[in-house]
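The values are calculated or read from the model by the stated rules, or taken from the named source; none is laboratory data. Note that the coordinates shown come from a computational prediction; the quantities given were computed from them, not determined experimentally. Here the Cβ is made from the backbone with ideal geometry for all residues, glycine too, and neighbour counts use every protein chain on show. Areas reflect the complete protein model, heavy atoms only, side chains present, ligands, DNA and RNA absent. Shrake-Rupley method; radii C 1.70, N 1.55, O 1.52, S 1.80 Å.
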Amino acid sequence: MLGVLSNIMDAFGAAIVVPVIIFFIALIMKVKPKKAFNAALNAGIGLTGFNMIIGAYTPIVTPAINRMVEETGVNLRILDTGWQATSVVAYSTQVGMIFLALGLILQAVLFVVKFTDIFMPSDLWNNYSFMLWGSMLFISTKNLWLSIGLMVLSNLYCLVFSEIVAKRWSTYYGYPRCTMTAPHHICSVPLAMVMDFILTKLGANKVRWNPETLQDKLGFLGEPTSLGFILGLALGLAGNFMRLDTLTGWGDIMIIGIATSAIMAIFPKIAGIFASAFTTITDASKRTAKSGGKDRVWYLAINDAAGYGETATILTGMLLIPIVLLMAIFLPGNQTLPMVDLIAIPYMIELIICISNGNIFKSLISGALWCAGGLYIITAVAPIFTAVATEVGVNLPEGAMMICSFAVMTNHIMGILFLIFMTQNPLWIGLSVIVYIVLYVVVRMKKESIHAYLEKMAKLEEEAGLINEEGAAV
């Protein structure tokens, strides 16, 4: 069964699996087959479109980023080889494959019994993040049950974080009754909320770095396509600094500028198609999903690619690339060199962006803290990950002492849980379970208040742009 499930994921991928799930969910909710099919088809078109545009953009930008890294002359021991290596490790261990099936069953049952209002199986692919940490623990301790316990507890934590931010993510990114549950990103929610509160108290919400304000202030230069072009040129210049005396270098700079502008122009159109897939389910849920005579508000987990090209998200992500490189060089004790996954930073900060309601200034600060913590988490666990990767046949790049995935392993919560379970100390493990139980109870009891709080904080961002220093309307 495990082999069959793995083969299905490998053969079809998210662009097929997710539409099939959406189709059957729609039928269960008594949507007519024709409308259910159209919704599923639009979801498949959207996901394929996201993957095509990101897949085309990545090889254009990555060489410039690699040159930027190489020209720093930094010699750190842990090389970021990208998220692909982590997925290979996750799908290559017995304990990982066990959770592929167990996770699907667990997530479905928890939703059906209303333990959670997040339908997570629709983003089954991203379970490889749980499988990665569980595989690392199993290789280190040889304790199967401990490893399964870590993966289950990590999944439960991620579901709570998804409950907290579901409405905010859905509202900001414009996907009705949808949320993002990718484990390697959703764990940024606690940091994002704390930092947003602190930065708002310090008045950072009055620093109007968001796409709308930039467009108002800069005119046509503030339009998303123009901003994308300018940022792409800046990134191209940084990656071709030693080739400014060649036509090839300038050609690369211009190509990166146009490619980044194209992301800004094309992505919203694909996102519109993808969002239309969920309108049918949203409408049906209002009619059919009842809980004690009250409408049950639930959210469908969708792939994190759905938010990658949103204007504030990609602008902040691109701006963070040189910041992260500088942190890697100068942070004391860090041994991690981000490289391949630098282009994945927009994925990593989606929760930070939506909680700050697109405030690029606040998101840069919070995003930098999230990435800085990730550098230290990776430095701590990379020896174990490298040992696991080597054991399942992953070849180390020439000159690399250890490897990692910056995007997947930058995960404060799951990294800490992994280190706790590594101790095999019942007291520490028990404490991590107690913390989850308390968090779950608070979130379930106060979920509407939490959602209202996040929307209130988002509203402060909007109001700050409507009031001038004297308190008069601008």
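General observations
- The stretch 120-188 - Kirkwood radius from inverse mean 1/r over Cα pairs (Å): 12.9
- Between the exposed loop cleavage positions of the chain, defined as GluC sites (Glu not before Pro) in a non-H, G, I, E, B DSSP state with at most 13 neighbouring beta-carbon atoms within 10 angstrom, the longest gap is 1-397.
- Extended-chain gain in nm, criterion 0.36 nm per residue less alpha-carbon gap, VAL435 and ILE16: 147.1 nm
- Value of relative contact order over the chain, rounded to a whole percent, pairs C-alpha under 8 Å and six or more apart: 25
- Unit charges on C-beta of K, R, D, E only; dipole of the chain, Debye: 1620
- Computed over Cα pairs, the Kirkwood radius of the chain leads via Stokes-Einstein (1.002 mPa s, 20 °C) to a diffusion coefficient of 93 µm² per second.
- When the listed pairs LYS32/LYS459; LYS201/LYS446; LYS30/LYS447; LYS201/LYS269; LYS34/LYS269 are checked against a 31 Å cut-off, the alpha-carbon distance exceeds it for LYS32/LYS459; LYS201/LYS269.
- Per-residue ³J(HN,Hα) for the stretch 308-320, Karplus 6.51 cos²θ - 1.76 cosθ + 1.60, θ = phi - 60°, Hz, x for Gly and Pro: 4, x, 4, 3, 5, 5, 6, 4, 5, x, 5, 5, 6
- Averaged over its residues, the chain has an accessible area of 41 Å² per residue, based on protein heavy atoms and a 1.4 Å probe.
- Sulfur and carbon atoms: percent of accessible area, the chain [1.4 Å]: 69
- Highest to lowest packing among 248-256, 325-333, scored as the average C-beta count within 10 Å: 248-256, 325-333
- Vicinal HN-Hα couplings computed from phi for the stretch 152-167 (Karplus, 6.51 cos²θ - 1.76 cosθ + 1.60; Hz; Gly/Pro x): 5, 5, 4, 4, 5, 4, 4, 5, 5, 5, 5, 4, 4, 9, 4, 5
- Around the amide H of ILE403, modelled in the peptide plane, lie the amide H atoms of LEU79, THR386, all under 5 Å away and 5 or more residues distant in sequence or on another chain.
- 12 Å cut-off, amide nitrogen to a point 7 angstrom out along ARG444 Cα→Cβ, residues in the stretch 108-126: 110-111, 113-117
- A Förster distance of 45 Å, applied to the separation of the beta-carbon atoms of ALA452 and LYS34, puts the FRET efficiency at 0.75.
- The H on the amide N of THR181, modeled in the peptide plane, is under 5 Å from the matching H of ILE302, each at least 5 residues off or on a different chain.
- Three-way shape call for the stretch 287-381 based on the alpha-carbon gyration tensor, with the a/c threshold at 1.5: prolate
- Computed 3J(HN,Hα) for the stretch 423-430, one whole-Hz value per residue from the Karplus formula 6.51 cos²θ - 1.76 cosθ + 1.60 where θ = phi - 60°, is 5, 6, 8, x, 5, 5, 5, x, glycine and proline marked x.
- Here the stretch 36-111 and the stretch 185-199 have alpha carbon centers that stand 23 Å from each other.
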